[in-house]
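Following: one structure in structure tokens, then a few remarks.
The values are calculated or read from the model by the stated rules, or taken from the named source; none is laboratory data. Everything numeric in this text was worked out from a predicted model, so none of it was measured. Counting neighbours? That spans all protein chains shown, and the Cβs are built from the backbone with ideal geometry, glycine included. Protein only, heavy atoms only, side chains kept; ligands, DNA and RNA dropped before computing areas. Shrake-Rupley method; radii C 1.70, N 1.55, O 1.52, S 1.80 Å.
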Amino acid sequence: NLEPFEYKRKEHILEEFEDVNSILFVENGKVIIGYDINRTKKYCLQFTDKCVIGAYEVTFNKKSNFVYTALNHVTGYFIRKVNWKDALEID
């Protein structure tokens, strides 16, 4: 059920209050995480390789609370919400 994904440098992965339809498992690259105030993005965290994006939101049907952006070339795998719910056996 895992499918490959790729984001280019400075490409937005998720925005605040956006519906999350897949869980991203980042293998390579840097991802910065922050928030948006008055249309100005502020980044607080940086993950280099090996991070997961969207697991909480997909599992509990929530919208994204943060802004996720690829700082450089990011690759990895993702699983769709439907397949994740089937794996957890949640309706």
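General observations
- Residue that is farthest from residue 53 (Cα to Cα) [pool: residues in region 19-38 that are more than 11 Å from the chain's Cα centre (by Cα) and part of a loop (DSSP other than H, G, I, E, B)]: 38
- Verdict on residue 87 being out of contact with any Cys (no Cβ under 7 Å at 6 or more places or on another chain), of a type in the set (Gly, Ala, Ser) and in contact (Cβ under 8 Å) with a residue 60 or more places away in the chain: yes
- Within region 19-41, the residues that satisfy the criterion of being loosely packed, with under 15 Cβ neighbours inside 10 Å and touching a Ser or Thr at 6+ places or on another chain (Cβ under 7 Å) are 27, 28.
- Of the residues making up region 1-18, those that are within 11 Å of the chain's Cα centre (by Cα) and of a type in the set (A, V, I, L, M) are 13, 14.
- With respect to the conditions (1) open to solvent by 20 Å² or more (accessible area, probe 1.4 Å); (2) closer than 15 Å to residue 3 by Cβ; (3) of a type outside the set (Phe, Trp, Tyr); (4) modelled with pLDDT of 95 or more, residue 76 falls short on a single one, namely (1).
- Looking across region 42-70, not a single residue is touching a helix residue (DSSP H, G or I) at 6+ places or on another chain (Cβ under 6 Å) and either open to solvent by 80 Å² or more (accessible area, probe 1.4 Å) or of a type in the set (D, E, K, R) (or both).
- Search result, residues across region 39-50 that are in contact (Cβ under 8 Å) with a residue 12 or more places away in the chain and assigned to a strand (DSSP E or B): 41, 43, 45, 46, 47, 48
- Residue within region 57-71 that is within 19 Å of residue 3 (Cα to Cα) and part of a strand (DSSP E or B) present: yes
- Of all residues in region 1-28, those that are among the small types (Gly, Ala, Ser) have Cβ atoms under 9 Å from Cβ atoms of residues that are in a loop (DSSP other than H, G, I, E, B), 6 or more apart or on another chain, in 22/54.
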